Every structure is written in C-alpha cells, then in structure tokens.
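In what follows, a single structure is set out as structure tokens and then discussed.
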Amino acid sequence: MLYSEKVMDHFRNPRNVGEIPDADGIGEVGNAKCGDIMKMYLKIDNGIITDVKFETFGCGSAIATSSMATELIKGKPLDEALTLTNQAVVEALDGLPAYKLHCSVLAEEAVKAAIKDYYDKNNIPYNPADFCDHDCEHCGTEH
C-alpha cells in the first residue's frame, strides 16, 4: 500500500480544518511545481499555541501533513513549534512515498511562516536563520 493508515485517517478526517478569523499569526506557503497551497492560522497566548487551524488546497498528502503538523504543535510553546521538522511530520504519519515528501516540507514551512508573522506583528525579535533552510541573503547564514 502506498499510504499508511495514519495518512489515510488524516486525509479522510483532517484535524483542525478551517480558519481563525482573529488569528495572531497566519502563514501561507505554496509549491508552484505541484500547485499545493497551505495556510496556517495560530492563536497564541503567553507564547503557547492555544489553537491552530489550516486550509490546504492540494493532494491527500498535503492535507494529511497539514493536519498532522497542527496536531504536533497545538498546546506547544512557540520555540518548540519552531523546531518541528518535515521529518517529524512524516514519522508521525508512519511515512510518505518519496515523491510526496515535499508536502511535509510545505507543512513545516507553513508553521514557520505563521510564527514569523506573529513575531513580525508583535515586534518580537527573532533569529532570521530560524525561518530559512537554504543559503540566502535574507537571513545572512549558510545552512
């Protein structure tokens, strides 16, 4: 079978779907190659993610990874949520086919984008390298 039971479960019954109208942080990311678009909404109270919702336009793997990512960060402090990796999402889903791994990367990026949005809106200082996973002038670091 291509997909694990957990992937199928999160695809058929995704958790935390929807939008948070008064979200504290919103991250929207997309992958032009596959056409998937992911939007993540965070409610944050005293540095803790008290609620998280997502809207994903994409394949079953994109929906499943979005759903699992929200489950993994809900109730967690921001600094812990920032350490979420696409590998952790894939492992929590009991694996993904290699050609669908980019979906888990998108989920990780959506979480980071929403946290960065929250930091920016609230003028909270952060290390730009926490939000960049490649060589770029934006964060000034090499990875």
If you take the residues in region 79-118 that are without any contact (Cβ under 8 Å) to a residue 12 or more places away in the chain and of a type outside the set (Asp, Glu), which one is nearest to residue 67 (Cα to Cα)? 83
Pairs only if they're at least six apart or on different chains, beta carbon under 8 angstrom, first in region 1-25 and basic (Lys, Arg), second loosely packed, with under 12 Cβ neighbours inside 10 Å and at pLDDT 95 or above; list them, first residue then second. 6/94
How many residues, within region 63-106, are buried (at least 22 other Cβ atoms within 10 Å of the Cβ), at pLDDT 95 or above and among the small types (Gly, Ala, Ser)? 5
Do you know which residues across region 13-43 are more than 16 Å from residue 69 (Cα to Cα), hydrophobic (A, V, I, L, M, F, W, C) and modelled with pLDDT of 95 or more? 20, 23
When you go through 36, 24, 94 one by one, which is the residue that is touching a helix residue (DSSP H, G or I) at 6+ places or on another chain (Cβ under 6 Å) and on the phi > 0 side of the Ramachandran plot? 94
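The values are calculated or read from the model by the stated rules, or taken from the named source; none is laboratory data. Remember, it's a predicted structure, so these values are computed and weren't measured experimentally. With ideal geometry, Cβ positions are generated from the backbone for all residues, glycine too; neighbour counts draw on all protein chains shown.
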